[in-house]
Structures are given as structure tokens and as C-alpha cells.
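Presented below is the structure to which this report refers.
The numbers here are math on the coordinates, done by the rules we state, and not lab data. Bear in mind the structure is a predicted one, so any value in this text is a computation, not a measurement. Backbone-built Cβ (ideal geometry, glycine too); neighbour counts: all protein chains shown.
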């Protein structure tokens, strides 16, 4: 198979779909890899490094979209990218379609087969291709919060860990999954006072055991959310409903009762965000203020550390990408975990949660994967 890697064009996105090491694995498996010139610049990988890995270099993205059987990316295709996709072509990347109806329509119109990293599953029911970026984003969320808390950034002027004789910041994390756990690790490590809210009692037990008394856990009733959010210096939104839009758990009305200068970090922004006042921001302009509350809603947080992120992502995606390259669409029909990742095929949405979020129908599972 001919595998194409265009340069990412989303604002300040420095990751790359295939690292040179991953490209070498595809070549060793008998596939040809074509990489857009300077696609790896953000991770310090030159065109020459890719050539040594066995890849060819293309001058433009148009060449890649025109010739590749499968496109491997990091972020969702932008309008000028989805317009270049064609019928039968596979695109393997993050999509987050539930919060992006325009992209969904573009992919459907192209006739391509779109497989989303964020809905591919594993044998344990996890999301193995989302997990590494959730780990990165969770850890970065605390770094971002610490920066936004400074007075010069509009925050409360509080140090996350405090100092002897001065109380640390109160960090509230809504969601105890991968993002929430890694955010808690960072916050606890810095000395902050941490509370995690999650709807799963078994997960709350696991978190209690994991952190051995260094955090508080609460079940997120409306009352509990209000109590914790109103007292918090930092609120991390780490809620995930696979494939679907994130629920709005903090309303604008609630902001008025929060501590002035408190910080919201919405890691769920790719799925529409879990705060009513969230809107996507960029690394160039990451924060804004609503009713005295600082919002950090960067939609590609791991893009700030592209070397770490690209390597971690490729470690996870490589087995699935090679399966697609080796078998083509047949890999989707034979592998239930890749089937879970199928979001668009033959002009239709094929993931139930995505379809419901977009108000569209979803064909029977056997229909879109028929030969």
C-alpha cells in the first residue's frame, strides 16, 4: 500500500502522523511511504532522516492526497484537506466528528473511509489510541493551569503547591479517566489539594487506592459539583463520552459563584467541551476570560510537546496502521477494534455515538462493511 503523510496545517500543530521510526516499519513491511517536505520539522526530523528510513519526499500535500491509498495524520482534516480526499481512500487520524458537523459532511461527501483514533478500542474496552494523548494532555493541563493562575495572566495569583505556612491551590478534576488521573498525578506532585469527581464508584475506589489518601474523591451530584467548583482555584474538565459530545457540567451561571481569577482548563474541548462557556483556543492565544474566570481551551494541547507526543502516538497507532496497510479495508471487517474506529464509510456515518451527536442515522453494523 502507498501510505501518505501530509504536513499538519492546524494552527501551531507540530506533531507528525508518522515518525521516521514508524515510517521505517511500514517500509520494512513492504509498503511505500511518501512524506510531505518538512512534515517532521516540528519534531526535528528532516527530509533526509525520512529518506534514510526509506520514505519518499513530496513537495506538496496535493501530491500525497492524489497518490496515497491511505493518509496517516494527527489532527482532523481541515477543509482544504478533506476536499482532496477521494472515494475508497483511507484516512487514519483523530477526527472528533461529534463536535464538527462541517468536517463530517466533508468526509461523507468525499466517499473516503475515515477511521478515528479516538474511537478505536482494545480488548479491555479501553481507547488505546486516545490514551497516550490523554496522558500528555492531562499532565499539560496542570502546567497550563499553573501559568494561567499567575496574576500577570489574569489569574488569582496563587502558586499551585503553596509554600510552608501558605495553603496550596485547590484543584478540582471532573472525570477520573486517563486525563483526570494524569492531571491528578501532576497536581499532587506539585503539592496542590486535589479532588476528583467521577460517576463510577468502582473507579473512585481505584483512585483512592492509587493515590493512597493524597486526593479526595466525590460522586458528581449537582450539589457536589457546585460545592467543589465554587471553592476551586483550578477546575480541569476531563470528561469523555467516546465518540459523543461532552456533557456541559458547569454552566455560565455557576461561574458567578466561583473564585474571581480561578482557572478552567477544558481538556474535553475536542468533543465540544464540558463547560458551557468553553470555545476552542490555540497555543498562540490560549486563554480568555468570562465573568472573571480564566478559560484555557486549546484544542490540540499535546501539539505543544510534539516530540514526546508524536513518539507516544506512533507507539500506539503503529500496529493498527500496519494492519490497515497490510489488509486494506478488510482489516476493519476482521478486527472489531478497528471497526469501532470506523466513523465514515461510503458517504455515511458508521459510529452510533457520532451519528447521534450529529442528529444523523447510523446504518446497521454489517451494512457499511459489506464488500
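If neighbour count is taken as other Cβ atoms inside 10 Å, put 208, 198 in order from fewest to most.
Working: 208 15, 198 23.
Ordered from fewest to most neighbouring Cβ atoms within 10 Å, 208, 198 come out as 208, 198.
Distance in nm between label sites at residue 241 and residue 102, each 7 Å beyond Cα in the beta-carbon direction?
2.4 nm
By how many nm would the segment from residue 257 to residue 230 lengthen if fully extended, with 0.36 nm per residue of separation less the alpha-carbon distance?
Values: separation 27, 0.36 × 27 = 9.72 nm, distance 0.57 nm.
Roughly 9.2 nm would be gained on extension.
For the stretch 181-228, what is the convex hull (Cα atoms) projected area averaged across all directions, in square nanometres? Mind showing how you got there, number by number?
On the way: hull surface 12.8 nm².
With the hull built on Cα positions only, its mean projection is 3.2 nm².
With 10 angstrom as the radius, rank 216, 86, 139 by how many other C-beta atoms surround their C-beta, starting from the fewest.
So the residues, fewest neighbours to most, are 86, 216, 139.
Among 84, 311, 271, which one shows the biggest mean-square fluctuation in a GNM of the chain, springs joining Cα atoms closer than 10 Å?
In the Gaussian network model the winner is 84.
Name the residues of the stretch 17-36 whose amide N is less than 17 Å from a point 7 angstrom out from the Cα of residue 334 along the C-beta direction?
Residues passing the 17 Å test: 29-31.
So what does the Cα-only Debye profile of the stretch 63-203 read at q = 0.09, 0.11 Å⁻¹, as log10 I(q)/I(0), no solvent term?
-0.43, -0.60
What value in Å³ per residue do you get for the convex hull of the alpha-carbon atoms in the stretch 258-348?
Working: hull volume 13.5 nm³, N = 91.
Considering the Cα atoms of the stretch 258-348, their hull volume per residue is 149 Å³.
Arrange 67, 147 by Cβ neighbour counts within 10 Å, fewest through most, would you?
Details: 67 13, 147 16.
In order of increasing Cβ crowding within 10 Å: 67, 147.
So for the pair residue 222, residue 346, with labels modelled 7 Å out along Cα→Cβ, what separation do we get in nm?
4.5 nm
Which percentage, to the nearest 5, of the DSSP beta bridges contained in the chain is antiparallel?
Working: 9 of 46 bridges.
Given both bridge residues lie in the chain, the antiparallel proportion sits at roughly 20 percent.
Can you say what percent of the DSSP beta bridges in the stretch 263-368, counting only those with both residues inside, are antiparallel? Round to 5. Write down the numbers at each step before the final one.
Working: 6 of 10 bridges.
Restricted to the stretch 263-368, the bridges split so that about 60 percent are antiparallel.
If you wrap a convex hull around the alpha carbons of the stretch 147-197, what volume per residue comes out, as a whole number of Å³? Please list the in-between numbers first.
Details: hull volume 3.7 nm³, N = 51.
Hull volume normalised by residue count: 73 Å³.
Using a cut-off of under 16 Å, list every residue of the stretch 128-156 whose amide N is near the label point 7 Å from the Cα of residue 167 along the Cα-to-beta-carbon line.
The answer is 156.
In degrees, nearest 10, range 0 to 90: what is the angle between the Cα axis of helix 178-190 and the longest Cα principal axis of the chain?
Between helix and principal axis, roughly 50 degrees.
What's the long-distance tail for the stretch 131-304, i.e. % of Cα pairs beyond 30 Å? Write out the running numbers ahead of the final one.
Details: 1089 of 15051 pairs.
Above the 30 Å cut-off, the stretch 131-304 has 7 percent of its Cα pairs.
I want the antiparallel fraction of DSSP beta bridges within the stretch 131-304, as a percent rounded to 5. Please list the in-between numbers first.
Numbers: 5 of 26 bridges.
DSSP beta bridges in the stretch 131-304 are roughly 20 percent antiparallel.
So for the chain, what are the equivalent ellipsoid semi-axes in whole Å, largest first, each being the square root of 5 times an eigenvalue of the Cα gyration tensor?
On the way: eigenvalues 277, 99, 68 Å².
Taking √(5λ) for each eigenvalue gives 37, 22, 18 Å, largest first.
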